[in-house]
Structures are given as structure tokens and as C-alpha cells.
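Novice: Structure incoming, see below.
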Amino acid sequence: KRSEVVIVKESQGLITKNTWYSFAVYFPADGFVKDFKHDVISQWIKDGSPTRLLTEDDQFLLDVGNVKGNKEQIYIADVTKDTWHEFVFHFVHSPGSDGLIEAWHNGRKKITRKGGNMYLEDLPKWKIGIKKAAYEDGTSETTARILYFDNVKVTDENGSYEELAPSKF
């Protein structure tokens, strides 16, 4: 159902209002078959899960919102198998209009989204791994998921895309 790691807790002081995150993830073709039910592979969570990186139907989607039940899904790229996918995220964590998410996939900027990206003012914790809610109700077409993470990094407002860019991996 889930195998996640809390990378950074808000109480550790590494997550600030303005924070940079990066990681690489690998999906083996024989261990991560296409499924129409989503998998959460990264999430910035506090009192629910306002911002999540999902895979669904072999696509990467960013699920984001600042009001429970009112989320937007943004397409990032297709999930190709047997290759590494490298992500860099820049957040200005906020439930208000000053919020920001910038996202890069394999060196290409895919998202610049302004506006709320969390429910409350409390800063989130960051998790990576896999969470598949469809296993709980038996609606998934798969019975197992395998994926690998590498080069996990986080830095504060002094970070930059250049510091975390895939060329730096």
C-alpha cells in the first residue's frame, strides 16, 4: 500500500517558505506496469496532501491545491521505463497568492504555477516513495510496484536550479 520515507520534516528547519528539492527516479518495465489508478511518488504534506507528484496511466502529474477537495492536476511528462527521470522542484510554500511551484523534468522547465499550494500556514514535510491507495480497496490492476530513487537533495532559499540541476547529479 505504501513505502515512503520522510526526507525532511518541517521541524528540522530545512524546509523554509522558499525551498528547493530534487531527486531521480527509475521505473523498471517489468516492475512498474501501466495502471490507471494513481501512485503518489512524492508529496509535500501537512494536514492532508495539498501537493503530490503522481504517476497515472504512465504519466507524471502534479496534483496541487490550497483548499481541500479543490485540486488541479498538471501534466508534466510521460513515464518512460528503464530510464532515470530527474526532477527539480522550487516551492514558495503558501496557501495564498504568493505561493509558487516551479518544476523541471530531465532539464526542461515544465511548470511555473503561482498561487496556493498548501492548506495552512504550517510548513509541510517532504516524502518520497510510493503510496497506492487503490491497493486498499482492491481497484488496482497491479499487484506490485518497483521503483528506485537516487540523488535526493533539498536546500533552502539560497539554493538554485543550477545547484540541483541534473548535470550536477
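Novice: Could you tell me whether segment 122-143 includes any residue that is without any contact (Cβ under 8 Å) to a residue 12 or more places away in the chain, under 21 Å from PHE60 (Cα atoms) and either open to solvent by less than 30 Å² (accessible area, probe 1.4 Å) or not in a strand (DSSP E or B) (or both)? Don't jump to the end; show me each part of the working.
Specialist: Step one: list which residues in segment 122-143 are without any contact (Cβ under 8 Å) to a residue 12 or more places away in the chain, which gives 137-138, 143.
From what's left, under 21 Å from PHE60 (Cα atoms): 143.
With either open to solvent by less than 30 Å² (accessible area, probe 1.4 Å) or not in a strand (DSSP E or B) (or both) added as a condition, the list becomes 143.
Yes, the conditions are met somewhere in segment 122-143.
Novice: Of the numbered conditions (1) buried (at least 16 other Cβ atoms within 10 Å of the Cβ); (2) within 17 Å of THR51 (Cβ to Cβ), PHE149 satisfies every one except a single condition; which is it?
Specialist: (2)
Novice: Right, something else. Show me the strands (runs of 3 or more DSSP E) found entirely inside segment 35-111 where at least 2 residues are surrounded by 20 or more Cβ atoms within 10 Å (Cβ to Cβ).
Specialist: Values: elements: 39-45, 51-56, 59-67, 70-78, 84-92, 100-105.
Strands (runs of 3 or more DSSP E) meeting the threshold: 39-45, 51-56, 59-67, 84-92, 100-105.
Novice: Does segment 112-121 contain any residue that is loosely packed, with under 13 Cβ neighbours inside 10 Å, outside any strand (DSSP E or B), free of Cβ contacts under 8 Å to residues at least 40 places away in the same chain and out of contact with any strand residue (DSSP E or B) (no Cβ under 8 Å at 6 or more places or on another chain)?
Specialist: yes
Novice: Take VAL5 and tell me if it is closer than 28 Å to GLU162 by Cβ, in contact with a strand residue (DSSP E or B) (Cβ under 7 Å, 6 or more places away or on another chain) and at pLDDT 90 or above.
Specialist: Details: closer than 28 Å to GLU162 by Cβ: yes; in contact with a strand residue (DSSP E or B) (Cβ under 7 Å, 6 or more places away or on another chain): yes; at pLDDT 90 or above: no.
Answer is no for this residue.
The values are calculated or read from the model by the stated rules, or taken from the named source; none is laboratory data. Just so it is clear, the structure is predicted and the values come from calculations on it, not from any experiment. We place every Cβ from the backbone using ideal geometry, glycine too, and count neighbours over all the protein chains shown. With ligands, DNA and RNA removed, areas are computed over all heavy atoms of the protein, side chains included. Shrake-Rupley method; radii C 1.70, N 1.55, O 1.52, S 1.80 Å.
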